[in-house]
1. Name the single residue, out of those in the range 19-50 being under 13 Å from the mean Cα position of the chain (by Cα) and under 17 Å from Y8 (Cα atoms), that is surrounded by the most Cβ atoms within 10 Å (Cβ to Cβ).
2. Considering only the range 5-57, state which residues are acidic (D, E), in contact with a helix residue (DSSP H, G or I) (Cβ under 6 Å, 6 or more places away or on another chain) and under 23 Å from L74 (Cβ atoms).
3. Taking only pairs six or more apart or across chains, which ones have beta-carbon atoms under 6 Å, a first residue in the range 7-30 that is more than 17 Å from A42 (Cβ to Cβ), and a second residue that is assigned to a loop (DSSP other than H, G, I, E, B) and not basic (K, R)?
4. Restricting to the range 7-21, what's the tally of residues that are closer than 11 Å to G56 by Cα and out of contact with any Gly (no Cβ under 7 Å at 6 or more places or on another chain)?
5. Give the residues of the range 22-36 that are more than 16 Å from C57 (Cβ to Cβ) and not in a helix (DSSP H, G or I), sorted by residue number.
6. How many of the residues in the range 43-75 are charged (D, E, K, R) and modelled with pLDDT of 75 or more?
7. State the number of residues belonging to the range 1-24 that are over 11 Å from Y37 (Cβ atoms), β-branched (V, I, T) and in contact with a strand residue (DSSP E or B) (Cβ under 9 Å, 6 or more places away or on another chain).
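The values are calculated or read from the model by the stated rules, or taken from the named source; none is laboratory data. The model shown is predicted, which means the values in this text are computed figures rather than measured ones. So basically every Cβ, Gly included, is an ideal-geometry build from the backbone, and we count neighbours across all protein chains shown.
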Amino acid sequence: MRNYNTLYIRGTDECSTVTEIKALDEKCTPHEIDEKYFGLHAKIYKCFQSEFDCFGCTLIEKQMEYDEYFRCFLFEFLFQKK
């Protein structure tokens with residue numbers, strides 16, 4: 001609204017404590033919980049007209065790779081030359 005360049009990233013995460021506890025409760029893996037609820041999360045955000053530049057999910061195996069990617073992506077986004 002103030003004409004700032006912004007980047008809004010949101011998603012689900014297999015690596016969170018909440019996901020791991022829910023997986024224990026439902027006797028499945030964090031990955032299965034993430035797959036089960038990813039679509040529901042997306043629908044809820046859409047219902048509230050929330051929009052994101054990126055909405056994804058982070059797999060445990062890819063966590064470090066994504067962390068590095070987002071660090072580079074954010075650096076480019078924040079410090080790009082016009």
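1. That would be A42.
2. At the first step, the residues of the range 5-57 found to be acidic (D, E) are 13-14, 20, 25-26, 32, 34-35, 51, 53.
Applying the additional criterion that residues be in contact with a helix residue (DSSP H, G or I) (Cβ under 6 Å, 6 or more places away or on another chain) yields 14, 20.
The one that is acidic (D, E), in contact with a helix residue (DSSP H, G or I) (Cβ under 6 Å, 6 or more places away or on another chain) and under 23 Å from L74 (Cβ atoms): E14.
3. So the pair list comes out as L7/D53; A23/T29; P30/E14.
4. Let us first name the residues in the range 7-21 that are closer than 11 Å to G56 by Cα, namely 9-13.
Among the residues that remain, those that are also out of contact with any Gly (no Cβ under 7 Å at 6 or more places or on another chain) are: 9-10, 12-13.
The qualifying residues number 4.
5. Let us first name the residues in the range 22-36 that are more than 16 Å from C57 (Cβ to Cβ), namely 24-27.
Once the filter is applied, which keeps residues that are more than 16 Å from C57 (Cβ to Cβ) and not in a helix (DSSP H, G or I), the range 22-36 yields only K27.
6. Of the residues in the range 43-75, the ones charged (D, E, K, R) are 43, 46, 51, 53, 61-62, 65, 67-68, 71.
Filter again for modelled with pLDDT of 75 or more, leaving 43, 46, 51, 53.
The total comes to 4.
7. Residues flagged as over 11 Å from Y37 (Cβ atoms), β-branched (V, I, T) and in contact with a strand residue (DSSP E or B) (Cβ under 9 Å, 6 or more places away or on another chain) within the range 1-24 amount to 1.
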